[in-house]
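Beneath this line is the structure, given in structure tokens, with notes to follow.
The values are calculated or read from the model by the stated rules, or taken from the named source; none is laboratory data. Small disclaimer: the values here were computed from a predicted structure and weren't measured. Because the Cβ atoms are built from the backbone with ideal geometry, glycine has one as well, and the counts that use them run over all protein chains shown. When the accessible area is computed, the model is the full protein with side chains, heavy atoms only, and any ligands, DNA or RNA have been set aside. Shrake-Rupley method; radii C 1.70, N 1.55, O 1.52, S 1.80 Å.
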Amino acid sequence: MISLRPYRKAAVPLLAIQTADPAEIIRLVVKEADNDPVNPVLCWDCIHGIVPWNLQAEGLSKFLNNDQDPAIATGNPIEALRALERLGTEDTANKSIIVTLGMADMLADPSSGIPTRQALWNLRDILSRQSIIIILTVPLGWRNPFPDDICVVLSPLPTKEEHERIACKLCSAAGLKEPSKKDREGISDALLGLSGFASEQAIALSLTKQGIDIESLRARKRQQISETPGLSVYAGKETFGDLGGLNQAKKLFTSLLNGKRKPGAVIFIDEIEKSLTGSSGDTSGVSQSMLQYLLTYMQDNNATGSIFIGPPGAAKSAFAKAIGNEGAIPTVSLDLGGIKGSLVGESEARMRKALSVVTAISGGRPFFVATCNAISVLPPELRRRFTIGTMFFDLPSKAERDTIWPIYLKKYGLTKQKIPECEGWTGAEIRQCADLADRLGLSLIEAAKFIVPVSVSARDKIQTLRTEASGCYLSASGEGIYRVPTNVKSGRNINLD
């Protein structure tokens, strides 16, 4: 939890607190003010106007509202800010704290934003002379209209320990036994990324006579996080055991998950090149701004990750999603396209909000995994952030296909069927064949007739990918750097008969 003392000691007049729960900021302000009897606390919103929040502020409220109904006298944001100018002439206003709710929306409003911003700026010097502070409760990702005049601080989302305390408090209120240490860890893991109020609500809705239903909590968390533009929590259960082959990738990421700095969450960005390819030619500036913010975030938070490249269907996405389940950590999909807005500022705000949630979910230890079908279009500065390396996922070899088939034969109950000829097939095509056989009541050999493998439909593209990757990137299947397989045919097949 943040502290207001440093800002009040420095006589900061305008402070914006980015928060997911403005009510928590009011409680913080009142609690700090209670420790100093000379601190009046006032609160403003457009419905109630300027109202007192402690006894010391009652006289000031009447003074500012001219003994009128606060909603009538100061419900308008411009009138409220003009009334606050009078605090400069009132000795009892010294060290006052004014918390505003919803003022950020007024500042951004096309019709009233300019005069509201002017009225707020007019207060800057008046307030600082008397150590009065106006606190704007603003949403996560808020864009500051006065970077030189308004100080901005982030109120972090609750930690695991804070979520545990909320859970114990609600269990006690419901007359239930306090959760065990193991259950508390599961509960806090399920709630990371939610605000204090959202956490309380999710727990209350997940209470049973036996205690807190953790699976219900996880489902509610997934729904809550999905309300953040661009974010969703992956709900699949696949682990490395559900994927055939890819032995080198499994070895690397098993070591990562068991290492000293285990990630707190996997942040999955699918086909990253499609979201950021416009970063060099987007005249709106949206793509460039998002790229710069992502680069800055990864550097400032010492975040790292890996890039997976390869042809479609080579298990890049499936493996990325399996990493989280293998390590019992959440996998969060970050859709950069879904974050984009029509304006640069809107996209920046969404990006900041999404990454603040990412920080909370991961406990400050996010691990980014991006898939890509054409890495050459990615900016070099972005590729450098993914320090665990770039890994190439080739078409599976015969030995790998022999480990993939049993997985899907078992899944679809086709274990006694004959496997068709499948040279050049991807794991996705093997799954598709098994699914078709089961869905249509066909044999695997009959179902195979309805599949055109990517090795045929995109032969030239795959060869280009292999050539680019050879000698440059790690292999997902074999040890060391990827090399083009010697048995891969290239060139023309000319027949003059």
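The table below gives the values:
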{"item": "Lone unmet requirement of (1) of a type in the set (Phe, Trp, Tyr); (2) crowded, with 16+ Cβ neighbours inside 10 Å; (3) part of a helix (DSSP H, G or I) for TRP121", "result": "(2)"}
{"item": "Unmet criterion (only one of (1) buried (at least 21 other Cβ atoms within 10 Å of the Cβ); (2) within 11 Å of the chain's Cα centre (by Cα); (3) under 30 Å from ASP460 (Cβ atoms)) for ALA315", "result": "(2)"}
{"item": "Which numbered condition SER172 fails, given (1) at pLDDT below 90; (2) part of a helix (DSSP H, G or I)", "result": "(1)"}
{"item": "Filter result (out of contact with any Pro (no Cβ under 8 Å at 6 or more places or on another chain) and assigned to a loop (DSSP other than H, G, I, E, B)) within region 355-369", "result": "GLY363, GLY364"}
{"item": "In region 341-376, residue least open to solvent (accessible area, probe 1.4 Å) [restricted to those that are under 18 Å from SER317 (Cα atoms) and of a type in the set (S, T, N, Q)]", "result": "THR371"}
{"item": "Restricting region 417-439 to residues that are hydrophobic (A, V, I, L, M, F, W, C) and part of a loop (DSSP other than H, G, I, E, B), the residue that is farthest from ILE451 (Cα to Cα)", "result": "ILE419"}
{"item": "Residue in region 294-305 that is open to solvent by 40 Å² or more (accessible area, probe 1.4 Å), at pLDDT below 95, in a helix (DSSP H, G or I) and β-branched (Val, Ile, Thr) present", "result": "yes"}
{"item": "Residue match in region 377-388 (condition: without any contact (Cβ under 8 Å) to a residue 60 or more places away in the chain and open to solvent by 20 Å² or more (accessible area, probe 1.4 Å))", "result": "yes"}
{"item": "Flag if ALA202 is touching a residue at least 12 places away in the same chain (Cβ under 8 Å) and of a type outside the set (Ser, Thr, Tyr)", "result": "yes"}
{"item": "Any chance LEU55 is over 24 Å from CYS151 (Cα atoms) and hydrophobic (A, V, I, L, M, F, W, C)", "result": "yes"}
{"item": "Residue in region 260-274 that is open to solvent by 30 Å² or more (accessible area, probe 1.4 Å), hydrophobic (A, V, I, L, M, F, W, C) and modelled with pLDDT of 90 or more present", "result": "no"}
{"item": "Single residue of LEU170, LEU191, LEU176 found to be aliphatic (A, V, I, L, M) and either open to solvent by 70 Å² or more (accessible area, probe 1.4 Å) or touching a His at 6+ places or on another chain (Cβ under 7 Å) (or both)", "result": "LEU191"}
{"item": "Where ILE114 falls short, out of the listed (1) hydrophobic (A, V, I, L, M, F, W, C); (2) open to solvent by 60 Å² or more (accessible area, probe 1.4 Å); (3) at pLDDT 90 or above", "result": "(3)"}
{"item": "Qualifying residues in region 326-340 (those that are part of a loop (DSSP other than H, G, I, E, B) and farther than 22 Å from ILE187 by Cβ) - the one least open to solvent (accessible area, probe 1.4 Å)", "result": "LYS340"}
{"item": "Tabulated pairs, region 349-361, first over 9 Å from ILE339 (Cα atoms), second assigned to a helix (DSSP H, G or I) and modelled with pLDDT of 85 or more, C-beta under 6 angstrom, 6+ apart or interchain", "result": "LEU355/TYR297"}
{"item": "Residue among THR331, THR359 that alone is under 16 Å from the mean Cα position of the chain (by Cα), more than 19 Å from GLN292 (Cα to Cα) and β-branched (Val, Ile, Thr)", "result": "THR331"}
{"item": "Number of the condition not met by PRO145 [criteria: (1) assigned to a helix (DSSP H, G or I); (2) without any contact (Cβ under 8 Å) to a residue 60 or more places away in the chain]", "result": "(1)"}
{"item": "Region 77-99, subset hydroxyl-bearing (Ser, Thr, Tyr) and out of contact with any strand residue (DSSP E or B) (no Cβ under 8 Å at 6 or more places or on another chain), residue farthest from THR116 (Cα to Cα)", "result": "THR92"}
{"item": "Candidate set from region 196-252 (those that are among the charged types (D, E, K, R) and within 30 Å of SER397 (Cβ to Cβ)); member that is least open to solvent (accessible area, probe 1.4 Å)", "result": "LYS250"}
{"item": "Region 437-462 residues that are under 23 Å from LYS411 (Cβ atoms), paired with ones that are open to solvent by 40 Å² or more (accessible area, probe 1.4 Å) and β-branched (Val, Ile, Thr) (beta carbon under 6 Å, 6 or more apart)", "result": "none"}
